[in-house]
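S.K.: Below you'll find the structure I mean.
The values are calculated or read from the model by the stated rules, or taken from the named source; none is laboratory data. Worth saying up front: this structure is predicted, and the values here are computed from it rather than measured. Here the Cβ positions follow ideal geometry from the backbone for every residue, glycine too, while neighbour counts run over all protein chains shown.
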There are 2 protein chains.
Amino acid sequence: MLEARTPMKVSEAVEKVLQIEAVHNKTETVPLQEAGGRILAEAVIADAPVPPFNRSPLDGFAVRSADTKGAGRDTPVTLQVIETVGAGHVAEKVPQPGEAIRVMTGTIMPKETDAIVMFELTKEAEDGSAITITREFNSWDNVVIKGEEMEKGTVVLEAGERLHAGGIAALATFGYDQVQVTAKPVIGVFATGTELLEPGDPLEPGKIRNSNAPMVVEQLREAGAAPVYYGQLPDDFDLCYSRVQNVLGDVDALITTGGVSVGDFDFLPAIYEKLGAEVLFNKVAMRPGSVTTVAQWNGKPLFGLSGNPSACFVGFELFTGPWLRHSMGDKKPYLQQSKALLGSDFPKPNPFTRFVRGHITFQDGRLIATPAGLDKSQVVTSLSRANALIVLPGGTRGFQTGDQVAVLLLRGEGEAYFEEPVKDR
Amino acid sequence: MLEARTPMKVSEAVEKVLQIEAVHNKTETVPLQEAGGRILAEAVIADAPVPPFNRSPLDGFAVRSADTKGAGRDTPVTLQVIETVGAGHVAEKVPQPGEAIRVMTGTIMPKETDAIVMFELTKEAEDGSAITITREFNSWDNVVIKGEEMEKGTVVLEAGERLHAGGIAALATFGYDQVQVTAKPVIGVFATGTELLEPGDPLEPGKIRNSNAPMVVEQLREAGAAPVYYGQLPDDFDLCYSRVQNVLGDVDALITTGGVSVGDFDFLPAIYEKLGAEVLFNKVAMRPGSVTTVAQWNGKPLFGLSGNPSACFVGFELFTGPWLRHSMGDKKPYLQQSKALLGSDFPKPNPFTRFVRGHITFQDGRLIATPAGLDKSQVVTSLSRANALIVLPGGTRGFQTGDQVAVLLLRGEGEAYFEEPVKDR
């Protein structure tokens, strides 16, 4: 009954999960307005220089700079305004010496003109037919030169970038009204536990509601996957096995919550064995979630997360999230890591490395990490708002306010490589 | 033509926008699996204590602690195991003195038992009919007491909380399979600018593609709104006016990009006037985006964002985003603010407070803010990845690496009150 499991270091376990071959590197083309949050599957190339023509960055007058030579307060130069051109239009006339064209911000430079004089530096005739200038302008003064910001053919964004509003703007600029992104991995979720009711069910003696599955489904959604909740696995090994086997063809990965410990109804280890899945690890040197198990079957990871809600959450963020982002082609799949100062005492000593949900705030430009749920009256609210995992190394004493700790930032995904976060201590 | 506009301080302008009465504080009920990212419109109340019954936190044996008195290495106590109960089930038998029940993690405590002995501390008979214990247990050892974590009726989450995975778990725990959230504000978007092509159009002389509208639509989506893009406003005042007027009844707010400056085709100021809208400000003491204009009409804000892409982005994040979150009932509508050290030189002197898109990294537990787009070859990529606005106060010289600056964090929304970020300098 009691099998001996050898705990694996967290960093080693993460590496093992990310080495699972991604057999499902599918891509799809989506319209630009649906591309936000997705991962680019193709490089974005500038189809034109930026700006695509010499243009005026101001509302003003396009002039031949030679005409302004000698202009001064006492020697004003008067130019005839022969046309007004709005942005997006092209001047129809070509100014001769002594002539100017009134242009709006963004207008393509009219032929023969090579400088812009802003409205504020001119005196305009009442009928708008002429302007007076009292200073000299040089060639290309106030003109944005074609290609000044970017040459045609430049790689603007590389494959593997996650698209935010700025990336959407870049795609639009270069004519992408649709774009290739990586497909959302389809991730199946089963809950296990005969004590579980679904959230809409009334409570019964001995039973609790299933909070892990809705939580994991939301974690999947936040990470950019397409979750499919298959309900609860039954309390019978053969039925369990066949339900798991039946869905494996339809998903890119499978998550189960519960069933990986050593209780009489913890069927997952035996299911992995019967499937012929390779167990990458079944014990991790951490709390909570030491029983977190990951196996692979035909290149698909099977995440056996703990049934304990905190352990389930942590197991997802440490192992499932990075694998998901990696398999979507995200160049930065890991949780962003930083150091922080502890914002409150954590008096509980613990022999194992502990990943505690907490909240990051900033004080004088420093990260402050406060464990959630120490204050009982605020436990759910604080867990709900948690935006980091605080890494507390194992030790015989607790931690004090101001101690330096490592933190892994949730929702700040993918910016840093995940290394063993305790090594700096 | 050139009207005199008085610039307003950024903090004052933000306050004015947030004072616009929210006439559209609608709520809706959504199923739990669609509640992620939404703002709670109702408080979540614990419908049962947590845990809802005395329960075993371990796989082990439920015993009568009195039976273990006197147990020791040399004085082992043997108990008869009369039943095995899985989590979610209720023991059918009631142990008499000298009897125990085998239970799994999460099981409701069988009647008459008051302590749990974990598997590892027992020696089990081969046929499972009895166990031997070699130490004493006290009443309630290893038992989680009903209501220990939370009493029934506790307010678990208050209205105004944004729901992440942890909040979804809390809702599930307390039986919410659907929940009241605030409705997504419907925000109309018009682009203006006769130079604009849509992203799918081929380039023409003098024209550029419309990148602001797709960008703003994505910013709206990220902020949790329901964007509606109405296309480009025509190059004719009367047509512009009637198109704006026609959609005002259908939206909770209207965004226009461009058309707020002093060019000949900048119609928005005149449109606001003809609508009878109250202009809250039409010049802000900042760069880029000094022409950002916000008006209100019948309690609906009209955001006149600049046509310059950087200014448009900044105007949205400073004014539209906070208003949106506020109108959705988010208790923390502002951009989170912090201090940071500048990660690279910013040599450009500027007389005005400048909001520069940049990227936050962490070094030794400190925030480092690096302006995006200084390196021309990386300009688009870095803007696309930007996760902060760096606030550079006006001055006659530039800034050096290591200078302390204020930053406003994008995508870390709503954690701090927005105050004039330059006041600490």
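S.K.: Residues that are among the charged types (D, E, K, R), buried (at least 20 other Cβ atoms within 10 Å of the Cβ) and over 22 Å from A:Pro227 (Cα atoms): does the range A:284-293 have at least one? Step through it out loud before you land on a result.
M.R.: So in the range A:284-293, the residues among the charged types (D, E, K, R) come out as A:287.
Imposing the further condition that a residue be buried (at least 20 other Cβ atoms within 10 Å of the Cβ) reduces the set to none.
There is no residue in the range A:284-293 that is among the charged types (D, E, K, R), buried (at least 20 other Cβ atoms within 10 Å of the Cβ) and over 22 Å from A:Pro227 (Cα atoms).
S.K.: Now for a separate question. Do you know which residues across the range A:277-286 are over 15 Å from A:Gly307 (Cβ atoms) and either in contact (Cβ under 8 Å) with a residue 40 or more places away in the chain or out of contact with any helix residue (DSSP H, G or I) (no Cβ under 9 Å at 6 or more places or on another chain) (or both)?
M.R.: A:Leu280, A:Phe281, A:Lys283, A:Val284, A:Ala285, A:Met286
S.K.: Identify the single condition in (1) modelled with pLDDT of 95 or more; (2) farther than 30 Å from B:Gly224 by Cα; (3) of a type in the set (S, T, N, Q) that B:Thr29 does not satisfy, given that it satisfies every other one.
M.R.: (2)
S.K.: Now for a separate question. Can you tell me how many residues within the range A:373-390 are at pLDDT 90 or above and either surrounded by fewer than 23 Cβ atoms within 10 Å (Cβ to Cβ) or among the hydroxyl-bearing types (Ser, Thr, Tyr) (or both)?
M.R.: Number of matching residues: 1.
S.K.: B:Asn298 passes all but one of (1) within 24 Å of B:Leu233 (Cβ to Cβ); (2) within 14 Å of chain A (Cβ to nearest Cβ); (3) surrounded by fewer than 19 Cβ atoms within 10 Å (Cβ to Cβ); which number fails?
M.R.: In the conditions (1) within 24 Å of B:Leu233 (Cβ to Cβ); (2) within 14 Å of chain A (Cβ to nearest Cβ); (3) surrounded by fewer than 19 Cβ atoms within 10 Å (Cβ to Cβ), B:Asn298 misses (2) alone.
S.K.: Just a yes or no: is a residue in the range B:318-335 crowded, with 22+ Cβ neighbours inside 10 Å, free of Cβ contacts under 8 Å to residues at least 40 places away in the same chain and in contact with a Phe, Trp or Tyr (Cβ under 8 Å, 6 or more places away or on another chain)?
M.R.: no
S.K.: If you take the residues in the range A:229-241 that are within 15 Å of B:Gln33 (Cβ to Cβ) and aromatic (Phe, Trp, Tyr), which one is farthest from the other protein chains (Cβ to nearest Cβ)?
M.R.: Going through the qualifying residues, I end up with A:Tyr230.
S.K.: Mind checking which pairs have a first residue in the range A:172-188 that is over 25 Å from A:Arg221 (Cα atoms) and a second that is polar (S, T, N, Q) and buried (at least 24 other Cβ atoms within 10 Å of the Cβ), Cβ under 8 Å, 6 or more apart or different chains?
M.R.: Correct list of pairs: A:Ala172/B:Asn210.
S.K.: What's the total number of residues in the range A:211-240 that are buried (at least 21 other Cβ atoms within 10 Å of the Cβ), touching a residue at least 24 places away in the same chain (Cβ under 8 Å) and within 31 Å of the chain's Cα centre (by Cα)? Don't jump to the end; show me each part of the working.
M.R.: If we filter the range A:211-240 for residues that are buried (at least 21 other Cβ atoms within 10 Å of the Cβ), which is where we start, we get A:211-220, A:223, A:225, A:227, A:233, A:240.
From what's left, touching a residue at least 24 places away in the same chain (Cβ under 8 Å): A:211-213, A:215-217, A:219-220, A:223, A:225, A:227, A:233, A:240.
From the residues that got through so far, the ones that are within 31 Å of the chain's Cα centre (by Cα) too are A:211-213, A:215-217, A:219-220, A:223, A:225, A:227.
The total comes to 11.
S.K.: What is the one condition in (1) away from chain A (no Cβ under 14 Å); (2) touching a Gly at 6+ places or on another chain (Cβ under 8 Å); (3) at pLDDT below 95 that B:Asp330 does not satisfy?
M.R.: (1)
S.K.: Shifting gears a bit: Can you work out which of the residues in the range B:335-384 that are facing chain A (nearest Cβ under 7 Å) and at positive phi is nearest to the chain's Cα centre (by Cα)?
M.R.: That would be B:Gly365.
S.K.: Regarding the range B:245-260, can at least one residue be identified that is without any contact (Cβ under 8 Å) to a residue 60 or more places away in the chain, more than 31 Å from the chain's Cα centre (by Cα) and surrounded by 19 or more Cβ atoms within 10 Å (Cβ to Cβ)?
M.R.: Within the range B:245-260 (the criterion being without any contact (Cβ under 8 Å) to a residue 60 or more places away in the chain, more than 31 Å from the chain's Cα centre (by Cα) and surrounded by 19 or more Cβ atoms within 10 Å (Cβ to Cβ)), the answer is no, since none of the residues qualifies.
S.K.: List the strands (runs of 3 or more DSSP E) that sit entirely inside the range B:139-228 and contain at least 1 residues that are more than 8 Å from every other protein chain (Cβ to nearest Cβ), farther than 30 Å from B:Ser306 by Cβ and not small (Gly, Ala, Ser).
M.R.: Working: elements: B:155-157, B:178-182, B:186-191.
Qualifying strands (runs of 3 or more DSSP E): B:155-157, B:178-182.
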